[in-house]
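Peer 1: This is the structure, below, for whatever I ask next.
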Amino acid sequence: MSEGVVVVGASMGGLRLAESLRRFGYTGPVRIFGNEGHPPYNRPPLSKDLLSAAEIDFAEVAFPQRSATADVEWNLSAAAVAADLSNQNITISGGEQVSFEHLVIATGLRSKRLGFESFPSDRHALRSFEDAKALRSKLGVGRKIVIVGSGFIACEVAATATKLGCEVHIVSPSKSPMDRALGEKLSAVVKLRLEAQGITFHMQATVIELIGSNRLEAVALSDGSTVRCDTLVEAIGSEANCEWLAGNDLDITDGLLCDGSLRAVRASGGSWPNVFGVGDVARFPNPIFDATPRRIEHWNIPTESAKFVGQQIAASYNSIEATVEVFRPLPSFWSDQFDMHIFGLGMSYLADESKLVHGDISGDCVFEFTREGVLVGVVGIGHRSVVQNYRSALER
Amino acid sequence: MIKINVDMNKCQHYGQCVFEAPKIFKLNEDDKLEYVATADDSELGNIEAAIDVCPMQAIFIVD
């Protein structure tokens, strides 16, 4: 057999998977297929530095590629459209069939969109490099931006747009920004800090109508108000790209359900021994916290899961046992908005209680998050060393 | 020997690298990143891991 490892998804997860295969001694063929036309790149700057750059340059975000993976075959602008796991092949847009011994599913997420159809050129989402380029052209002094959603991406875009001179309004059904990750108390003060920078919040509200003749001129909100704007940014979360896997005895209701070793779970019982999920698309149990499978949309997960899966696959070819049998990553996240450097470890959103443990809540500070008295997360504004020092306590 | 460079314009001092390559990187008392610019070849794996986990992709091996 010479089909080797096939990876669907040519972003960070696919790249790190290829590196891990080589690092752990797999020397066979690696073929990577991705729907985007770009080689792997780093997405976090898309809402921050890259989005405020005068000239948007792909080289700024491209991942450097190492000599160890020089013989990996990259197939870009080549989306997988179907899979037949029993017969060990996938189908690429255009109809080509590709056989595999091991399949790694790293197809990631796409932006959720609001249901509007009018003014498509004035409505933006932010997930890809091309998205960032399109949005960048709308930002500048005097531009009026409405951002729907109040998660990390929404707030980062709001901060960047404000710094570029835009008038920025955030519209969100939540009570306060980033409250899922920051908890009620911390998000309430973060909201005040963002307001002090000039961002206007319309919380517990939704956009119900777009208003304008040729171009977008305003949005009507569910609270009865109207906000003038020329650009609408839809930052309402993501959904997993796994429809192409339908018909394969899998659970793809919210990402690809995987077991504790990241192998795809068969709906009829057991797991596919040679099919793995990597990155945001994988829904897996994490024994650091509990047995509930979850997708984790944090930047460190593609890298950590790719390293783990690469080692599993390489070990199977070399007839050795992988050193780690169960994937148990510690999620970490960060966000930079104005003078706030937010940094978190663990899963604060599982908590039933939070308490201030360091600093002053009106400024830089650290919160501990517990569930039934057990530490599940820590989030700080500033004080990065204090947050980092929780790592071993959280990893348990 | 491996030569290391951190782009301090990009670095946001998150310290993720510290856990992958503690002999190379540390956060000082002011929460700022400090690093040694040269390392033994045996550190290559740790340094590559540190490069991978840097959210800002600010760490480079200089050829």
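The values are calculated or read from the model by the stated rules, or taken from the named source; none is laboratory data. Note that this is a predicted model, so its numbers are computed, not measured. We place every Cβ from the backbone using ideal geometry, glycine too, and count neighbours over all the protein chains shown.
Peer 1: For the range A:305-321, does any single residue satisfy the condition of being in a loop (DSSP other than H, G, I, E, B), away from chain B (no Cβ under 14 Å), more than 17 Å from A:Met178 (Cβ to Cβ) and aliphatic (A, V, I, L, M)?
Peer 2: Yes, the range A:305-321 has at least one match.
Peer 1: Between A:Leu103, A:Leu182, A:Leu139, which is at negative phi, part of a helix (DSSP H, G or I) and either in contact with a Phe, Trp or Tyr (Cβ under 8 Å, 6 or more places away or on another chain) or surrounded by 15 or more Cβ atoms within 10 Å (Cβ to Cβ) (or both)?
Peer 2: A:Leu182
Peer 1: To continue, here is another question. So in the range B:1-21, with the set limited to residues that are under 9 Å from the mean Cα position of the chain (by Cα) and part of a loop (DSSP other than H, G, I, E, B), which one is modelled with the lowest pLDDT?
Peer 2: Restricting to residues being under 9 Å from the mean Cα position of the chain (by Cα) and part of a loop (DSSP other than H, G, I, E, B), the top hit is B:Gly15.
Peer 1: On to the next question. Looking at A:Ala79, A:Ala125 in this structure, which one is buried (at least 16 other Cβ atoms within 10 Å of the Cβ) and within 21 Å of A:Ile147 (Cα to Cα)?
Peer 2: A:Ala125
Peer 1: Still on this model: When you check A:Ile288 against the structure, is it in contact with a His (Cβ under 9 Å, 6 or more places away or on another chain), not small (Gly, Ala, Ser) and not in a strand (DSSP E or B), yes or no?
Peer 2: No, not satisfied.
Peer 1: Kindly establish whether A:Pro293 is surrounded by fewer than 20 Cβ atoms within 10 Å (Cβ to Cβ), modelled with pLDDT of 95 or more and within 12 Å of chain B (Cβ to nearest Cβ).
Peer 2: Taking the combined requirement at face value, the residue does not satisfy it.
Peer 1: Still on this structure, I have one more. Only one of A:Leu345, A:Leu375, A:Leu350, A:Leu394 is within 14 Å of chain B (Cβ to nearest Cβ), among the aliphatic types (A, V, I, L, M) and farther than 23 Å from B:Ile51 by Cβ; which?
Peer 2: None of the others qualify; the one that does is A:Leu394.
Peer 1: Next question. In the range A:305-353, how many are buried (at least 23 other Cβ atoms within 10 Å of the Cβ) and on the phi > 0 side of the Ramachandran plot?
Peer 2: Total satisfying the criteria: 1.
Peer 1: Considering only the range A:336-362, how many residues are small (Gly, Ala, Ser), within 22 Å of A:Leu194 (Cα to Cα) and touching a Gly at 6+ places or on another chain (Cβ under 8 Å)?
Peer 2: 4
Peer 1: Test each condition in (1) part of a helix (DSSP H, G or I); (2) of a type in the set (D, E, K, R); (3) farther than 25 Å from A:Ser52 by Cα; (4) at the interface with chain A (Cβ under 8 Å from one of its Cβ atoms) for B:Glu43 and report the one that comes out false.
Peer 2: Failed condition: (4).
Peer 1: Identify all residues within the range A:32-60 that are more than 14 Å from every other protein chain (Cβ to nearest Cβ) and in contact with a Gly (Cβ under 7 Å, 6 or more places away or on another chain); write none if there are none.
Peer 2: A:Ile32, A:Gly34, listed by residue number.
Peer 1: Could you run through the range A:61-106 and say how many residues are within 14 Å of chain B (Cβ to nearest Cβ) and either of a type in the set (Gly, Ala, Ser) or more than 19 Å from A:Thr303 (Cα to Cα) (or both)?
Peer 2: Qualifying residue count, the range A:61-106: 3.
Peer 1: If I filter the range B:1-40 down to residues being closer than 25 Å to A:Tyr390 by Cα and hydroxyl-bearing (Ser, Thr, Tyr), which single residue comes out as nearest to the other protein chains (Cβ to nearest Cβ)?
Peer 2: B:Tyr14
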